[in-house]
Amino acid sequence: MGLLDESILCYEIAITIDAKNVKLYSNLARSLTEKGCINTAIEVLNKYLELDPNNAFIHHDLSLLYLSNGNFLNGWFEYEWRIPCFK
């Protein structure tokens, strides 16, 4: 619908209420990416990894952001987390 600023704000508020909900971080990162704020999306996913460092799905999402941003070293490293995601 093109309401990226509104969706970002809603996800940010929701995270203050439920800070351990992985879907909120993932959706916030996707909204930020769609808006063109890839570095901020990377920060959001890294913040979630502080709560759940072994979340393969977040590592996989993070890998795609790093790769699209030209950070190939971190991108390929994080991409190795894809294996548990697709078992």
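The values are calculated or read from the model by the stated rules, or taken from the named source; none is laboratory data. Since the model is a prediction, treat every value here as computed from it, not as a measurement. For neighbour counting, all protein chains shown are included, and Cβ atoms are generated from backbone atoms with ideal geometry for every residue, glycine included. We work out accessible area using only protein heavy atoms, side chains counted, and drop any ligands, DNA or RNA first. Shrake-Rupley method; radii C 1.70, N 1.55, O 1.52, S 1.80 Å.
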* Structure fact -> Within the stretch 26-44, restricting to residues that are without any contact (Cβ under 8 Å) to a residue 24 or more places away in the chain and in contact with a Leu (Cβ under 7 Å, 6 or more places away or on another chain), the one that is surrounded by the fewest Cβ atoms within 10 Å (Cβ to Cβ) is 40
* Could you tell me whether residue 57 is assigned to a helix (DSSP H, G or I), touching a helix residue (DSSP H, G or I) at 6+ places or on another chain (Cβ under 6 Å) and open to solvent by 60 Å² or more (accessible area, probe 1.4 Å)? => yes
* To do: Looking only at the stretch 2-15, decide whether some residue is open to solvent by 60 Å² or more (accessible area, probe 1.4 Å), closer than 13 Å to residue 65 by Cβ and either in a helix (DSSP H, G or I) or of a type outside the set (Ser, Thr, Tyr) (or both).
  => no
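Return yes when residue 77 is closer than 18 Å to residue 24 by Cβ and either part of a helix (DSSP H, G or I) or open to solvent by 100 Å² or more (accessible area, probe 1.4 Å) (or both) and no when it is not.
no
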* Structure fact -> Residue set 23, 47; condition under 10 Å from the mean Cα position of the chain (by Cα) and surrounded by fewer than 13 Cβ atoms within 10 Å (Cβ to Cβ); output residue 23
* Do you know which residues across the stretch 28-54 are in a loop (DSSP other than H, G, I, E, B) and under 28 Å from residue 1 (Cα atoms)? -> 36, 37
